[in-house]
Amino acid sequence: MLVKMMNAKKTMEIGVFTGYSLLTTALALPEDGKILAIDPDKEAYELGLPYIKKAGIEHKINFIPSDAYPVLNDLVNSGEEGTFDFIFVDAMKNDYLKFHELTVKLVKIGGTIAYDNTLWYGSVAQPEDEVKDEFLRPVRNAVVEFNSFIAADPRIESSIVSVGDGVTLCRRLY
């Protein structure tokens, strides 16, 4: 729905896994809309590929089996700054800050970047010493740092939407 409301045509997804959000984004795009999908795990993407094909939206997707950094850097260096309407990030949470520095350059002024899992199982609301789960704790600290950075970043306005595990929406201001 968000992609439709924005009239987005050129989008990106960083962290695809089996392609569920990729599928929903592609379905929301107009017929000539495009998604640049980046994920190093091609096997996981191929698991969801039959559903993408069945939906008839494969032509909208350019899947790049790669780590995101080299692709994002190449896009910035090749003049793609400010050309994306919408970017969805659901990758390594420890890298969200690094992704942000590149995605904020690539999304157009007025465009949206969405970061998934920014509540990290609710652990971001707990004091660090109360988070006992060894899986949650290291990522929790990175997500807390990311959320604090985003809240103070003057280039964007942002809001954490408390749906599921939290989605932070950022609109680029300049």
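The values are calculated or read from the model by the stated rules, or taken from the named source; none is laboratory data. Bear in mind that the values here come from a model prediction, so they are computed numbers and not experimental data. For neighbour counting, all protein chains shown are included, and Cβ atoms are generated from backbone atoms with ideal geometry for every residue, glycine included. The protein model used for the area step is the full one, side chains on, heavy atoms only, and it has no ligands, DNA or RNA in it. Shrake-Rupley method; radii C 1.70, N 1.55, O 1.52, S 1.80 Å.
In table form, for the structure just shown:
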quantity	calculated
FRET efficiency, Leu97 to Asn77 (Cβ-Cβ, R0 25 Å, nearest 0.05)	0.80
Given (1) 46; (2) 40; (3) 49, the label whose value is percent of Cα pairs over 23 Å apart derived from this model	(2)
Accessible surface of the chain [probe 1.4 Å, protein heavy atoms]: carbon and sulfur percent	56 percent
Subset of Lys4/Lys53; Lys42/Lys132; Lys4/Lys42 violating a 23 Å alpha-carbon distance limit	Lys42/Lys132; Lys4/Lys42
Å² of accessible area per residue within the chain, as computed with a 1.4 Å probe and no ligands counted	52 Å²
For Phe63, distant residues with modelled amide H under 5 Å away	Ala37
Label-point separation, Asp41 to Leu27 (7 Å along Cα→Cβ), nm	2.2 nm
Within the stretch 42-174, percent of DSSP bridges classed antiparallel, to nearest 5	70 percent
